[in-house]
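Report on the following structure.
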Amino acid sequence: MRGVKRMLRLAWPAVLCGAIVSACGTGDRSTAADGVPVPVVAGLPDTVTFAEVAPIIRANCMPCHRAGQAGPFPLISYNDVRRKAKTVRKMVVHRWMPPWPADTTYSRFAGEKALNARQIALIAKWVDQGALLGDTSHLPPVPTYPEGSPFGKPDAVVWMPDTFRIPGDNRDRFIIAKAPFELPRDTFLRAVEFVPGNRRNVHHMNAAMIGYAQGAKHGNFLNTAYIDADSTASLNAYEALHLQNDDGTWPALTPNMVNYLPGLSPAFYPPGVGGYRIQRNGAFLMNTLHYGPSMKDTMDRSHFNLWFTATPPQRPMRELALGTLGMSPVVPPLVIPADSVKTFTTSLTVPKDISVLGINPHMHLLGKSFLAYAVPPKGDTIPLIRIKDWDFRWQYAYTFRRMLHIPAGSVIKVVAVFDNTKANRNNPYDPPRTAREPLTGHMRTTDEMLQFFVNYLDYRPGDERISLVLGKE
Ligand code: HEC
């Protein structure tokens, strides 16, 4: 999955509420109602053994379920998978694993992580028949993964200045952090990858980039790198991180530039598309660095990999921001009374022809489902994304497989359902309390949001043939 980048320069307070998941909680799904049917598929073998199942698991699960990755246990060998057979069955039948909330029958994206009906049916049948080993002598060797970044050697690496200690108190932590850098010169940036030091505990991360004008900032490396977001108002945190220019003004900011979630890959767009100018003196500002709960004391020191380019950004990426704190209001205003399930919409007319690169839907804990599409002045509705079973833990930025043309005058419409009843296992309150969107920059973890970001270029004829799938540009 390619990360969506944003070029829009917003005022500082507005950056507080980009695609940030400020929601907390661990979202235990194990108590979910069962009864989801296994897809019915013709032509499965009478007996399914590990020989049939292993290639599916190794291609779709092992990337995260191996040592040093985000998955809580390995899924590689027969014993690994057999030991977890029942939960594996449940996770794939519910389509909770691999994590890919978007409905692939509605719209398609680059780097999709989803099993097809046949793969799900095979795994279910294998488990139901007792997880047999079978003849595995013809299995290809277990895949190996390159050391370092899968995207090759970066041109520069920006490390967090210190390690962060994660206490073993089994709590979520939302941190605001900075990774200052000094490069040999101003240049152009093609792509950035965030690499967690501790993949088990770094749950997600969302960063903006700060660029200091020449001579505007001294002591960029001073002060602490980490501030607890739950105990500090964000603007105070930015001051504590020492982000201002020497004269107290705020530097230029490129919000929502780097996203991390397990399985999300950085965006490498065709040369000249997107990309950024990067000032030699700057910093990545992590508005949200979310550490999931840990039972034991541990630590993290993450880093950023940077790839430069000689090509200046020729087709700058722009952003439409719908909904909360954005360009179109939520209708009706986003107030979700306790004990209600309620639907909200937001829509925006596209003023000119655009080529969409990617989208990013965003809600918090009470989100239940999300639908977005574009209605052009004539012709068929353009499906954008459907998420039937919203999961606040897996908020991907989705990149289309090819640039998607949306004609001028189209109306982008978002329809979102929120569940503020007890039945929502992620409800932070029991009994439920009325939830609403934050109308100022300061947000609490239990506030709700409805946002939809659309990253686009100004349309050029032929764009719809340009692939955004990595390596096919
Ligand atoms: C993008 C990374 C990723 C991929 C791909 C992935 N997983 Fe996971 N998996 C995780 C993470 C992270 C967790 C920890 C729980 C969480 O945060 O939701 C997890 C948890 C699980 C669990 C434990 C769930 C529980 O509640 O006990 C199972 C079982 C599982 N995965 C199976 C699979 C299977 C089977 C596949 C492939 C079909 C797969 N996973 C693919 C990241 C991944």
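Annotations
- Cα-based Lys pair tally, the range 318-465, threshold under 27 Å, eight or more apart or on separate chains: 12
- Whole-Hz ³J(HN,Hα) from phi, Karplus 6.51 cos²θ - 1.76 cosθ + 1.60, for the range 272-279, glycine and proline x: x, 8, x, x, 9, 7, 10, 7
- Full extension of the chain between Asp172 and Arg465 yields a length gain of 101.2 nm, computed as 0.36 nm times the residue separation minus the alpha carbon distance.
- Cα Rg over Rh - the range 148-309, Kirkwood: 0.96
- Within the accessible area of the chain (1.4 Å probe), percent carbon and sulfur: 54
- For the chain, the pair-distance distribution built from all alpha carbon pairs, in bins 10 Å wide starting at 0, is 4, 19, 29, 28, 15, 4, 1, 0 percent.
- Near Phe308: Cβ cut-off under 14 Å, other residues only, Lys/Arg at +1 and Asp/Glu at -1. The net charge is +2.
- Under 20 Å from a label point set 7 Å out along the Cα-to-Cβ vector of His94, the amide N atoms of the range 282-312 belong to 292-293.
- Cα-centre dipole for the chain with unit charges at Cβ (Lys and Arg positive, Asp and Glu negative), debye to 20: 700
- Counting only protein heavy atoms and a 1.4 Å probe, the range 27-140 has 49 square angstrom of accessible area per residue.
- Estimated purely from DSSP H runs of n ≥ 4, each contributing -39500 (n - 2.57), the mean residue ellipticity at 222 nm for the chain is -2500 deg cm²/dmol once divided by its residues.
- Value of relative contact order over the chain, rounded to a whole percent, pairs C-alpha under 8 Å and six or more apart: 23
- Calculated FRET efficiency, Arg318 to Glu112, Cβ-Cβ distance, R0 = 25 Å: about 0.50 to the nearest 0.05.
- Estimated FRET transfer efficiency (Arg401, Thr434; beta-carbon r; R0 51 Å; 0.05): 0.80
- Ligands, DNA and RNA are left out, and with a 1.4 angstrom probe the accessible area of the range 148-309 is 39 Å² per residue.
- Considering only Met317, Pro270, Met257, the residue lying farthest towards the positive end of the dipole of the chain is Pro270, judged by Cα position with unit charges set on Cβ.
- Database remark: amide H of Ile354 closer than 5 angstrom to the amide H of Ile406, Ala408, Tyr459 (H placed geometrically; neighbours at sequence offset of 5 or more, or on other chains; Pro and chain starts carry no H).
- Lys378 versus Asp228: modelled label distance in nm, points set 7 Å from Cα along the beta carbon direction: 6.2
- Virtual spin-label span in nm between Phe308 and His218, 7 Å along Cα→Cβ: 2.6
- Compared with the direct C-alpha span, the chain from Thr343 to Asp389 gains 15.1 nm at full extension, assuming 0.36 nm per residue.
- Assigned charges on the beta-carbon of Lys, Arg, Asp, Glu; the range 148-309 dipole about Cα centre (debye): 460
- Placing R0 at 51 angstrom, the Cβ-Cβ distance between Arg277 and Thr136 gives a FRET efficiency of 0.45 after rounding to 0.05.
- The range 246-263 versus the range 348-418: alpha-carbon centroid distance in Å: 24
- Across the range 410-420, computed HN-Hα scalar couplings (Karplus, 6.51 cos²θ - 1.76 cosθ + 1.60, θ = phi - 60°) run 5, 10, 7, 10, 10, 10, 10, 10, 10, 10, 10 Hz from first to last residue, x flagging Gly and Pro.
- Gap separating the Cα centres of the range 38-59 and the range 280-319, nearest whole Å: 39
- Taking the three principal axes of the alpha carbon atoms in the range 318-465, the coordinate ranges are 54, 27, 26 Å, sorted in descending order.
The values are calculated or read from the model by the stated rules, or taken from the named source; none is laboratory data. A quick note: this is a predicted structure, and the numbers were derived from the prediction, not measured. Heads up, the Cβs are rebuilt from the backbone with ideal geometry, glycines too, and the neighbour counts pull from every protein chain shown. Only protein heavy atoms, including side chains, enter the accessible area calculation; ligands, DNA and RNA are left aside. Shrake-Rupley method; radii C 1.70, N 1.55, O 1.52, S 1.80 Å.
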